[in-house]
Each structure stands twice: as C-alpha cells, then as structure tokens.
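J.: For reference, the structure I am asking about is given below.
Read-outs: derived from the displayed coordinates by stated rules, not from any lab. Owing to the predicted nature of the structure, the values given are computational and were not obtained by experimental measurement. We place every Cβ from the backbone using ideal geometry, glycine too, and count neighbours over all the protein chains shown.
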Amino acid sequence: MNHSGREVDTVVIGAGQAGLSAAYFLRRSGLDFVVLDHSPGSGGAWQFRWPTLTYGKAHRVHDLPGMRLEEGDTTRPAAEVVGEYFGAYERAFDLPVLRPVDVTAVREGDDGRLLVESSAGTWTTKTLINATGTWDRPFWPRYPGQETFRGRQLHTAQYNGPADFAGQRVIVVGGGASGTQHLLEISEVAAETHWVTRRPPVWRDGEFNEDWGREVVANVAERVRQGLPPKSVVAETGLAVTDEIRRARERGVFDRLPMFERITPTGAVWADGSGVEADVILWATGFRAALDHLAPLRLREAGGGVAVDGTRAVRDPRIHLVGYGPSASTIGANRAGRSAVRELRHLLTDDKGQLTAVA
C-alpha cells in the first residue's frame, strides 16, 4: 500500500509505551493520525531485551491505557510477554501502526505544516508526537587505548545473556540498572568480574514511594525545561536494593572500582598504576535520546537538549516529545500521551470549537 503523500492531523513516531499511549488518546480524540514505527514487530524496545530477562525479573511493566496487562508466566522472556501485549493492544484499538518504517527527517512544509520523510514515503502533518525513546542510540564513551584492546567490547544493547561470558574475565562499565542486572547474571558464570563506575553508586533501600517519585520527576522536568539533556533515571533515584542485590553485595560482586585511566591490549590500568586483565569489556553506559530526525527543525538549545514544557517543545508548539525527560518511565509515558493529545487537540481546534480539517 502506497502511503506517500498522505496528509494527517498528527504523525506519531515510535510505537513503544509512549507512542501507543499517545495513539490510544488520539483514537479517542477524533484526530486523523498515523503511527510510524521502525521496529520489525510490536513491543517497542522490549522486543530487543535479552532472553534471560524473564517477565518475573523485569521492572514492573505498567498497563497501557484502556487495557490491562494480564499476569503472565513469570518464567517467559519479558520480550515475548510485552511484545504480545503491545500487539494485542494495537489490534484491540485498531491503531494505524505502520512498520517497519524509518523516519529520516522532519522538515518545515507549506502553510505551517510539517513534512515527515520516511522509508515509506512522506507524510504531511499539522502536528507531531515524537516517541522514539533511546534504544537506537547506545552511548559508547571513549578512553585512551580503547582501539588497542584485543578482547571483545560490546554495549548492553548487544547483550544476549550471560552464556556469552562463561569462563571469561569481564569488566562491566556503568552504574545504572542495566549494568547491575547484567553484572548479577555474568558473575554467576564468569571467571571473574570487575565493576567500574564514574561515581560511587547510591543504593536505596525500601520502595520508591509516591512522594519520592514526584520529586524525581520534578528534578528531571526542571532539567529539560532548561534545555539540558535528560539524566538517567538512576542518576535521580539511586539503585534499588533487592534481596538478590544484597546477596551479590555480600559476595563482593558490587565492590566498585573508579574509572580506569586507559585501556590496554589485555585489560585496563588506573591512575595509580594498578590494573586488571580482561577478555571482555561490557559498556553499560546508557543511551541518548534518538532525535536526529528532528534536526532540521532546530529544536535543540545551547545546553544540548530540547527544551520541553510538559511534553511540548518550547521552540515549536506543534511538536510534543513523549517518553522524553520526565515521561521516560512507563507510567510517565501513559500520562504524557494523554497530555500531549489534549494540547494538540486544543491547538487544532478553531475559535468555534471545531477541529480544523486537514486540507
């Protein structure tokens, strides 16, 4: 089917939690829209999670609006459980998700409209909801000697499970949730592991209550309002201490080392001259927001991020970013979808309270 040249009220880019939430509220709003998703199937970033991350081990997956995620087999891979749920959700609400579609650029069109250029043609739209998340932009830091390392280097985006590290000496770099999860698994099969982080980890016992959650969201929201790149959630919340984490700490798995000074062909060396030998370096160094396709609109501020008020791009009220900054969590993505659609519907409503038609 040739969709090239389509004109809609709203284009949604991305069909993860944030994109599907926005699509649900768009379906209820009466706006004409399309969802362009580059992934091969449903499930957002979840479909790329490693097989040993079971549904029971995954951080809680919040329900999408309007349809509960029924409790499934906790031993099944989370990628399968969530992928099936997202697919069923798309069908239940007849959401117009097109995939695989790669959006290459969003540009100014005529008469105040936007042109969304993609591998499946170009859409003309009055408004845009960007829900591309971060999975496509793993961050690889650079350290002296990195290119000389004779072992294997990979990012957590390429992690397929602990079996690949059996009997090996592994350096895990990064103090976020993915780094600790991978380190837990790898430590069970590796010959030895070393955990390296830029800053000492902040461990948090007990549940993340509602007041704490609001404080975290407020801190992130203030940062993106200033046009600064969002920090990781762990930078604001710290690392949750579970029973499994406690046992691993007792075994010394989380005896943290500061960042090394340089990488050698056979390992890493610190400023004091100490070093370790390694077969693998796993970079658990996070991701960056996938926003390159928005570059023609010049939304970035001097601080390097896109200034966002709620979900609205400060530089352009036609553009809303969901799953970005304070709405990067699954529950935050749901709320962001509702908020973005409410604002866009208001923007597209004329003085008589009628939705302006697509020309």
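J.: Could you tell me how far the Cα centroid of the range 235-291 sits from the Cα centroid of the range 40-89, in Å?
T.: 28 Å
J.: Cα gyration tensor of the range 52-183, axes a ≥ b ≥ c as square roots of the eigenvalues: rounded (a/c below 1.5), prolate (a/b > b/c) or oblate?
T.: oblate
J.: In whole Hz, with x marking every Gly and Pro, tabulate ³J(HN,Hα) for the range 64-76 from phi via Karplus 6.51 cos²θ - 1.76 cosθ + 1.60, θ = phi - 60°.
T.: 6, x, x, 7, 6, 8, 5, 4, x, 5, 5, 8, 7
J.: While we're here: For each of K57, K126, count neighbouring Cβ atoms within 10 Å of the residue's Cβ, then give the residues from fewest to most.
T.: Least crowded to most crowded, the residues run K57, K126.
J.: Which percent of the Cα-Cα distances in the chain go past 26 Å? Numbers along the way, then the final one.
T.: Values: 34790 of 64261 pairs.
That tail contains 54 percent of the Cα-Cα pairs.
J.: Please identify, among D316, D164, D110, the residue showing maximal mean-square fluctuation in a Gaussian network model of the chain using a 10 angstrom Cα cutoff.
T.: Ranking D316, D164, D110 by mean-square fluctuation puts D110 first.
J.: With each run of n ≥ 4 DSSP H residues scored as -39500 (n - 2.57), what mean residue ellipticity at 222 nm is computed for the chain after dividing by its residue count and rounding to the nearest 500 deg cm²/dmol?
T.: -7500 deg cm²/dmol
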